1. Starting from the amide H of residue 542, placed 1.01 Å from N in the peptide plane, find each other amide H under 5 Å away whose residue is 5 or more places distant or on another chain.
2. Any idea what the relative contact order of the chain is, in percent, if you count C-alpha pairs under 8 Å spaced at least 6 apart?
3. Kindly give the semi-axes, whole Å and largest first, of the ellipsoid equivalent to the chain, taking each as the square root of 5 times a Cα gyration tensor eigenvalue.
4. How many angstrom lie between the Cα centre of region 296-315 and the Cα centre of region 33-99?
5. For the chain, what does -39500 (n - 2.57) per DSSP helix run (n ≥ 4), summed and divided by total residues, give at 222 nm, in deg cm²/dmol to the nearest 500?
6. Using the alpha-carbon centroid of each, what span in Å lies between region 233-292 and region 536-581?
7. Run through the DSSP bridge list for the chain and note the antiparallel percent, rounded to the nearest 5.
8. Report, by chain and number, residues whose modeled amide H sits under 5 Å from the one on residue 87, excluding near sequence neighbours (fewer than 5 apart, same chain).
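Readers should treat all values here as calculations from the given coordinates under stated rules, not as data from a laboratory. Note that the structure is predicted; figures quoted are calculated from it, not measured. Cβ: placed from backbone, ideal geometry, glycine included. Neighbour counts: every protein chain shown.
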Amino acid sequence: MRGLVSPAEMEAALGAVRGTPLSLGQILTAQGAISEAELLSALAQVYNVGIADLSGEPPDPSLAKYLPAHAAITTEAVIWKRAGSALVIATSRPDRVQTLRALLPDGQRIVTVLASRNQITEAQRGLYGAHLAREAEGRAPARHSCRSWRGGPLGLGILAATILALTAFLLAPVILAKVFFGLAIFVFIANCALKFAAFAQSVRGATQAPPQPAATAQFLRNPNVSIIVPLFREPEVAGALVDRLRQIDYPRERLDVILAVEEDDPLTLTALQAGTLPAWMRAVVVPRGSPQTKPRALNYALNYARGDIVGIYDAEDRPEPDQIHRVVQRFAEVPQDVACLQGRLDYYNARHNWLSRLFTVEYAAWFRVLLPGVQRMGLVVPLGGTTVFLRRSVLEAVGAWDAHNVTEDAELGLRLARAGYQTEIVETTTFEEANAATLPWIKQRSRWLKGYLMTYGAAMRRPGVLLNELGAWRFFWLQIQFGGAVLGFLTAPLLWSFTLKPFGVWHPLDSVLSPAAYGALAAVMLTGLFGSIAISLYACRAKHLRHLRPISPLVEPYYLFGTIAAWIGLFELMAKPFFWAKTTHGGFGANQAEPEDQPRCASSRRRT
């Protein structure tokens, strides 16, 4: 290219071009050999075409009908205007003009001009954004989605149960109390059974040597990986996010990072534009729409993803530098029915205060013990909201994300299982910012628990179908994983009342339970308590987590806040089911130059 690149740079680009949808010029820009402006100038001379400024003269909307939205995205082009009888097409990929000709009416004359990729993407939003946004809102299959939630069976069931409970309280309060206490005890035992079974499987898995499968031919070469990062009101962490993503050690021409920014969030977009994004990273503006949720933004951004694997990060994430390599390697080893890999999540601001410490202990137990155990039990794996990697083909086949579900990650995990796919926990960690203030923690947890109820209610609309798709084993445990998880928080205050019994306080179950029965119940509850503490201690066995072991017993009183969040989530489910309680990042250490406790990776290399 006119001496812009050295022979070594050209040789490296030619070696990388196979198996990637990028052109040779785009590979050179991704590898940092040339700038996009230099590439456009060179292409203009090679193809003898001009360079357009779409920001000064936007495309004619009346001409969009000639080029479907998804074809425009694939060819990185828009129909700009008419020039006599010809259509002027602006593109950043002149090598795909022949593909464009095949999409247009026979005999239609076209004139080609060049434009930058960012201008093309912005022009596509103006032409097709409303249509793509509507698609994003209803992409998940209706039978799985909770978008028709209002008046749904679970909502009516909750209302009917509330009326029935109030009536029973007026007519037979003692009987009602016995029923509720019995339910609380049953749910407690069921939740403990699930936790202890998962704990046992996790310990068993840790003591066994992992199998050493051979890589399949599919991923012998590095596949293309798209990473979508939804951003909403994140100007404080936007710059730090870009710096962290630069740390990822993966071939730049095969890495496609999409920063999905909401249209009505100009501060975050400005913060991103203040710095220079590398060529393998781009901002995609998500048009206004309803509901304004993370899964809707993910569905919209998925249209622009070009990877065989699609991963999700959050705005405050700090992934391990070799994470993508580990994910790619594991996908090469597992069978094709393993459609999703879930990485572990941890916190880099664990020492910020007591809440961040306990939050870190909770996450350690969940991602290092319970989820691996659930996977080994063959149950549904509720995904986390970040460090999730999916086979692109499977993600699109199942309908991507449910834009109306406020816990879209767990819902997608269930839908993958219903479709016959497996999820596996992969040995790599992403560090996040722990929510370290009480009120924001409660708001965040209320959204999670509300989403669990939404997911459970939508799935149980047709229990027979769910049973057939999951099988009896997974169907049974699903009742505890989703329904029992929330019900355990809701009924926890009833169990707390038993702590008053040793002091001789009257209890509604006195007419049912003998002193021996009270003793047996105390033994069960203490077993659950000490078992949970044991899980937390085991989960904190990693070197960077050992300082948290002394406070592990405090996780149980920490869950008091979970009960408050569960009741808020229940009321929101009936009053405003699609309300998204936004978690604000950047206030508890998300902008630190270095993590407090993150293990260092000596072999990682900083790449630009």
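1. It is none; the list stays empty.
2. 17 percent
3. So the three semi-axes of the chain are 49, 27, 21 Å.
4. 24 Å
5. Per the formula, -15000 deg cm²/dmol.
6. 29 Å
7. DSSP beta bridges in the chain are roughly 30 percent antiparallel.
8. The list, which skips near neighbours in sequence, is 109, 110, 111.
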